[in-house]
1. Between their Cα atoms, which of Lys52/Lys83; Lys102/Lys162; Lys51/Lys71; Lys83/Lys162; Lys28/Lys145; Lys35/Lys117 are more than 19 Å away from each other?
2. Please give, to one decimal in nm, the separation of the simple spin-label points placed at Tyr186 and Lys28, each 7 Å out from Cα toward the Cβ.
3. By how many degrees, between 0 and 90 and to the nearest 10, does the Cα long axis of helix 130-147 differ from the longest principal axis of the chain?
4. With an 8 Å cut-off on Cα pairs and a minimum separation of 6 or more residues, tell me the relative contact order of the chain in percent.
5. Heads up, I need the accessible area for Glu13: 1.4 angstrom probe, whole protein in place, Å², nearest 10.
6. Sort Leu15, Leu173 by accessible area with a 1.4 Å probe, largest first.
7. What is the sum of charges, Lys and Arg at +1 and Asp and Glu at -1, for the other residues whose Cβ falls under 11 Å from the Cβ of Leu128?
8. Give me the angle, in degrees from 0 to 90, between the Cα long axis of helix 27-36 and the longest principal axis of the Cα atoms of the chain, rounded to the nearest 10.
Amino acid sequence: TVIMRLQDPTSGELLFEGKDIFKCKNRKENLQYCKEMQIVFQDPYSSLNPKKTIRSILSEGYLIHHTVSKKDLNDVLALLSEKTGISKDMWDQYPHELDGGKRQVVGIARALSMNPKFIVCDEPVSALDVSIQAQVINLFRRLQKQFNLTYVFISHDLGIIKYISDRIMIMYLGRVMEFYTSEGIYADPKHPYTQALLSA
């Protein structure tokens with residue numbers, strides 16, 4: 001939440017392309033930052049506005065940032081839907097009419113709509129059935145390669161982390177314990193918390 005400026009930090013700095021984003025004070029700077037860094041939330045049930053249709057949810061970023069005219073909006077939404085596997089039949093549905101996997105795909109599409117450089121993925125599959133998790137993880141991987149995205153992928157499931165990550169940071173009580181490549185974490189885990197995660 002601090003990375004996305006949903007909460008203000010008490011100290012420290014966060015450099016994005018050499019600039020400390022915690023020092024962004026004016027609206028223009030913050031809006032640009034919001035375009036380039038997006039988030040996919042853990043819970044697809046509470047992260048989508050239940051009063052808005054899927055069309056409205058996916059359109060919101062374009063309209064706020066004025067990146068697409070209303071005349072071209074449907075064409076842009078069609079392209080976004082094609083990239084993420086959203087059926088046009090879903091556009092006029094509400095979140096409660098979709099299953100958890102489809103809701104999370106809408107959350108991913110919403111994040112992708114701004115053509116970000118960086119996406120925070122906050123335990124994005126932990127609330128999903130195991131049968132759906134693989135589909136969503138594969139979508140993340142495909143989009144990562146297709147759009148050269150950088151993810152911060154937060155999870156307690158090291159199997160998923162190994163599958164999707166290049167580098168892995170183990171944190172415990174808010175502090176960094178270990179730092180690995182995706183292969184190294186299995187070869188020589190040193191901290192007891194890392195060992196506990198692996199054994200689980």
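1. Exceeds cut-off: Lys52/Lys83; Lys102/Lys162; Lys51/Lys71; Lys83/Lys162; Lys28/Lys145.
2. If labels sit at Tyr186 and Lys28, their model points lie 5.0 nm apart.
3. That works out to roughly 80 degrees.
4. It rounds to 19 percent for the chain.
5. 120 Å²
6. Greatest to least solvent exposure: Leu173, Leu15.
7. -2
8. Tilt of helix 27-36: around 70 degrees.
The values are calculated or read from the model by the stated rules, or taken from the named source; none is laboratory data. Treat the numbers as computed from the prediction; the structure is a model and nothing was measured. FYI the Cβ positions are ideal-geometry reconstructions off the backbone, even for glycines, and counts take in every protein chain you see. Side chains are part of the model used for accessible areas, which takes the heavy atoms of the whole protein and leaves out ligands, DNA and RNA. Shrake-Rupley method; radii C 1.70, N 1.55, O 1.52, S 1.80 Å.
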